[in-house]
Amino acid sequence: RRAHPTVALKAGTTQSRSNESGKSSGIGQTKGENALNSSLAVGVDGLLQLLKNYARTASTSSNSKQSKTCITVGIIGYPNVGKSSILNSLKRFRAVGVSPRPGFTTSLREVVLDKHIRLVDSPGVVFDDGDDPSSQSNSKSANGGAAVLLRNSVDADSIEDPIPAIQELLERCSTESLMMTYGIPAFPRGDVMTFLAMVGRVKGRVLKGGVPDKLRAARGVLRDWNVGKIPYYSVPPKEDGKMDIVGGSVVGVGESGKGGAKIVSSFSEEFDISKILKEHD
């Protein structure tokens with residue numbers, strides 16, 4: 001939110017298909033205190049209004065001063081983050097398929113929202129960002145892109161070597177939480193092989209002769225991580241400066257005195273559509 005314009009949105013999670021008879025479908029909108037606990041979408045109206053504002057442009061015709069043009073909006077991001085669900089929430093029914101499995105969307109698909117807006121659903125894009133600051137590893141070679149695997153961007157069953165991802169997971173989670181989750185005894189912190197051997201015995205994932213199958217155990221731990229079975233949270237980043245009250249608004253001022261955050265009641269000049277239209281008249 002500090003670098004790009006941000007709109008708060010929660011996509012609907014219902015799975016009903018479109019109803020061509022005109023009756024209400026399962027993907028709707030909700031408001032109120034229980035909005036975040038509902039399976040319906042929240043914040044769709046704000047995003048729709050923003051897209052409609054971008055669709056307004058100066059008309060080249062002398063008959064009318066303003067008109068709307070058709071825009072195409074692409075929805076891009078990591079796999080399994082809800083791109084297709086956002087499209088379905090804007091369309092108000094399941095226009096495209098969704099799945100909790102990463103990589104379900106395999107090609108571009110255009111969906112007409114109305115006569116002025118077209119939406120394009122796209123496959124997820126995975127970057128090997130080993131230098132991700134959220135990772136606890138200090139070097140890219142040590143990380144090996146494991147931080148990406150912990151984002152549920154790749155199907156756990158298709159990972160050839162999931163052990164580096166488990167090593168990254170051990171750096172993030174506390175030993176006590178993993179012991180309580182899997183019912184295993186204490187193990188040295190960061191010892192991935194000992195941890196996987198214990199999990200393999202507890203879960204019954206063993207090879208011939210009773211040797212723990214560490215690869216199967218690692219994939220099982222990754223699936224547990226993806227579905228939220230392993231408890232984990234991260235704290236928000238610290239502020240660079242203190243919060244001040246300026247003109248009745250809360251303003252965060254950094255050390256350089258520039259930037260910061262401010263609670264506003266309307267869009268800034270960059271989003272002032274009327275001003276943009278006047279400049280192009």
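Values as computed for the structure displayed
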quantity	calculated
Accessible-area value, Arg151, 1.4 Å probe, nucleic acids and ligands omitted, Å²	80 Å²
Heavy-atom accessible area ranking, 1.4 Å probe, most first, across Lys208, Lys68	Lys208, Lys68
Amide H partners (placed H, <5 Å) of Val206, local residues excluded	Asp213
With all protein chains modelled, accessible area of Phe104 [1.4 Å, Å²]	90 Å²
Members of Lys10/Lys229; Lys52/Lys238; Lys52/Lys275 lying beyond 24 Å, as alpha-carbon distances in this model show	Lys52/Lys238
Under 5 Å, built H, 5+ apart or other chain: amide partners of Ile71	Ile117, Arg118
Rounded to whole Hz, the Karplus (6.51, -1.76, 1.60) HN-Hα couplings of the range 172-180, x for glycine and proline	8, 8, 7, 5, 5, 5, 5, 5, 6
Span from the the range 65-126 Cα centroid across to the the range 147-225 one, whole angstrom	35 Å
Hz values of 3J(HN,Hα) by residue in the range 190-195 - Karplus curve (6.51, -1.76, 1.60), Gly and Pro given as x	x, 7, 5, 5, 5, 4
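The values are calculated or read from the model by the stated rules, or taken from the named source; none is laboratory data. Just so it is clear, the structure is predicted and the values come from calculations on it, not from any experiment. The protein model used for the area step is the full one, side chains on, heavy atoms only, and it has no ligands, DNA or RNA in it. Shrake-Rupley method; radii C 1.70, N 1.55, O 1.52, S 1.80 Å.
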